[in-house]
1. Go through Ala5, Ala54, Ala32 for me and flag whichever is free of Cβ contacts under 8 Å to residues at least 12 places away in the same chain and under 26 Å from the mean Cα position of the chain (by Cα).
2. Looking only at the stretch 11-51, how many residues end up being among the aliphatic types (A, V, I, L, M) and open to solvent by less than 70 Å² (accessible area, probe 1.4 Å)?
Amino acid sequence: MKKLAFILIIVLSITALNSCREKTTGEKVEDAVESAADDAGDAVEDAADEVEDALD
């Protein structure tokens, strides 16, 4: 049981340390693309809602 707890602590420590690192350029670009895609999707939904409202 102590081995399992020790392994779990090590894995959690590595995960925590890894998540604190700075983002790479690729990750920043990926985030920007995802954000732009989300914004575009929101704009399309808003436009569709406005068209639907205009037709009613």
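The values are calculated or read from the model by the stated rules, or taken from the named source; none is laboratory data. Small disclaimer: the values here were computed from a predicted structure and weren't measured. Glycine gets a Cβ as well: all are built from the backbone with ideal geometry, and neighbour counts include every protein chain shown. Protein only, heavy atoms only, side chains kept; ligands, DNA and RNA dropped before computing areas. Shrake-Rupley method; radii C 1.70, N 1.55, O 1.52, S 1.80 Å.
1. Of Ala5, Ala54, Ala32, the one residue that is free of Cβ contacts under 8 Å to residues at least 12 places away in the same chain and under 26 Å from the mean Cα position of the chain (by Cα) is Ala32.
2. 8
Residues are listed down the side, and each one gets a yes or a no for (1) modelled with pLDDT of 85 or more; (2) in contact with a Phe, Trp or Tyr (Cβ under 8 Å, 6 or more places away or on another chain); (3) small (Gly, Ala, Ser):
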| position | (1), (2), (3) |
| --- | --- |
| Leu4 | no, no, no |
| Ile9 | yes, no, no |
| Leu17 | no, no, no |
| Lys23 | no, no, no |
| Ala40 | yes, no, yes |
| Leu55 | yes, no, no |
